[in-house]
Structure formats: structure tokens, C-alpha cells
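See structure below.
The values are calculated or read from the model by the stated rules, or taken from the named source; none is laboratory data. The structure presented is a predicted model; accordingly, all values stated were derived computationally and were not measured. With ideal geometry, Cβ positions are generated from the backbone for all residues, glycine too; neighbour counts draw on all protein chains shown. Accessible surface is based on the protein model in full, side chains and every heavy atom, while ligands, DNA and RNA are left aside. Shrake-Rupley method; radii C 1.70, N 1.55, O 1.52, S 1.80 Å.
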Amino acid sequence: MSAAILIAVGLSLVSAVAYAAAAVAQERLAARDGGAGLGAMLRSGAWWSSVGLNSGAALLHVVALRFGPLTVVQPLGALTLVAAVPLGARAAGRRVSPAEWRGTALTLLGLGALLITASGPAPHRVLSLTAALAVAGTTIAVIGLLSRPGTRPGLRHAAASGFASGVASALTQTATVAATDHSGPALSPRVIVVAVLVAAFATGGLLLSQTAYRGGLGAPLAVVTLANPVAAAVIGLTLLGQGLQGGTGGILLGVTGALLASWGVVVLTRVAPHGAPDPDPASVPAPASAPAPAPVDDEHPVAAVLALRAETATAEPALVPRQPGRNRLTPL
């Protein structure tokens, strides 16, 4: 494995952790605000925090794309779920469950097989301006179909978000390679147009994922995690010549690795954290003025990382200001 691939893998690891934290922040915000519009989100500090986490993760991802092919970097996005397993167990004060170990092992085994077959030199081919515009137009049409009103809007928006993010990554690789290969001006018309498309698809993917997480984090995050590398890998294999090594055996190993990693992702998204049993709500008096806690998605271990549950928090004694004159005796 080349040094460039090792750098790409290391950057992808850090990026995956940041993306996991951003996903949890988005899920908590969506659960709390429900159907709040774009204006309300823009006024929310929590939403801007998730944007900051996504931006940092995206920056690391951009650098990783400069060193590794799409067929290597994009599947490593599944490490977002793997990184959440020990963090979720630690936050819940429990051990990692057998199902979580199984999902983690399947995901890592599948990604390892993909790394063996997809490892190659640093990317050097880029999309032409015509090809980039064709990819953008096709992606917009697919997103439009998935965003139409109908059943299961969360999963369809999650698929649209994954496709938008995967295409944004492919276009990002084209922009970074074209701007740094010294074959032409750094700010050529192709680089500028592709950069605008990247910004549009990245923003669209973020907003689509926000709406997808309104119904919970588990299934939508799995769909986003799987749709993203699929879109990027299709572009890398068909338009950028980023094939698999090892001939027929390499292709079979790569397909097997992709299936194992997908199975591991599904297992991880279906695992519910095993925390302490919840107290009976009827036996716990709640203050009349206490706000109802925001719902927390328990279908995914990522949700246990930052989503603090109200019933597990230590009760704080109420601080009541001392009233003047309360210690004086009332005259009879």
C-alpha cells in the first residue's frame, strides 16, 4: 500500500468521527424542532455547530481525496458508524454488545477487502467540463425524483442526500486535482464551474439529510452511508478509470467486501443501545413547569454519543432565592 493511500485512510478516519458527531447534532436538532423552516435553523446555534463539524470533516475529506481514489476514500465513510460504537457504549456506561461487535467486524472486514482491491496510485484523471455538467444534471434529476411527495420521505431524502454528497466528492476530486497538477491555471473555468457545483451539492446534501433525520437517525444514516460511496464509486469506475486490482479475483473480492461492509452498516444501524432500564414514569413525579424532553433516537449507537437522555441525568436541587422578611414573626 502506497504512502498516498495511507495518508488518505488516516484522514478518512478522523473525518468519519467528525461526521458522526455532526449527524448526532443534526438528529437532535431535527427531533427538537420538528418541521421548523430554514429560517429557524439558520438562527439556531446547534445547527451552526453541526455545520461546523460537517465543514471540518469535509475539509479532511477533500485532502483525503487528493491522495486516494474515490473507490478507497468514499467507502471509508462507513467508519462513521464504527467510530460511534465505543463512544456510544462509553456514554451509556455499558459494554459493547455482541451485535455491535458483529456489525463492527463485518464493516471492518469488508472495508479491508475493498482497500486491498481498490488501492492504487494517487488520482490523476479528472472529469472534463462537459462530463461534470452531465453528472450534475443527472444527479439533479435523480434528487428531484427522490424528493417528490410520497411514502417514506425520510429514506428517500436520505438516499438523495447520499447521492448529492457522493457526487460532490467526485467533483471535489476533479477540482483539487485540476487545480494542483500544474497542467494549467489553478483557477481555470473548469475549476471554477466545478467548485460552484460542489458547493451546491454539498449544501443540498446537508439540507436533505436534515429533513431525513426528522424520523430518527438509524435507517436514514444507513441509507446516506451506503448511497454516498455508491454514487462516487460509479463515477470513479466509469468516468475516471479508478478500477479494481487483481483481475476477476480482485473484482470478486471487492464485491464481497462491499457486501460485507453494507451488511455491517445495516447491523450497526439496527442495534439499540442497552442501557439501564428506564424508570416507571408514573413513579417519578415531574415538575408541572418542566419542559418535555426532546425525543432521542435509540435505534443507532451514534445517538448515545451526544444525545443525553433526561431520565439518566442527575437531579439538581432547585435553587430558590431567599425571600425577604420570611423569618419574621407574624403578629397575632
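Some observations on this one:
- Near pairs, Cβ below 6 angstrom, 6+ apart or cross-chain, from the range 4-30 (in a helix (DSSP H, G or I) and open to solvent by 30 Å² or more (accessible area, probe 1.4 Å)) to any residue that is at pLDDT 75 or above and β-branched (V, I, T): L11/V63; Y19/T80
- Failed item, numbered, when G246 is tested on (1) at pLDDT 80 or above; (2) more than 17 Å from V142 (Cβ to Cβ): (1)
- Scanning the range 170-187 for residues that are at pLDDT 85 or above and either open to solvent by 10 Å² or more (accessible area, probe 1.4 Å) or not in a helix (DSSP H, G or I) (or both) turns up T172, A175, T176.
- Count of the range 215-260 residues, restricted to those that are farther than 17 Å from L70 by Cβ and assigned to a helix (DSSP H, G or I), is 15.
- Here A136 meets the list (1) more than 24 Å from R214 (Cα to Cα); (2) modelled with pLDDT under 85 almost entirely, failing just condition (2).
- Taking each residue of the range 145-169 that is open to solvent by 40 Å² or more (accessible area, probe 1.4 Å) and looking for partners that are of a type in the set (S, T, N, Q) and not in a helix (DSSP H, G or I) with beta-carbon atoms closer than 9 Å, six or more apart or interchain, yields P153/S147; R156/S147.
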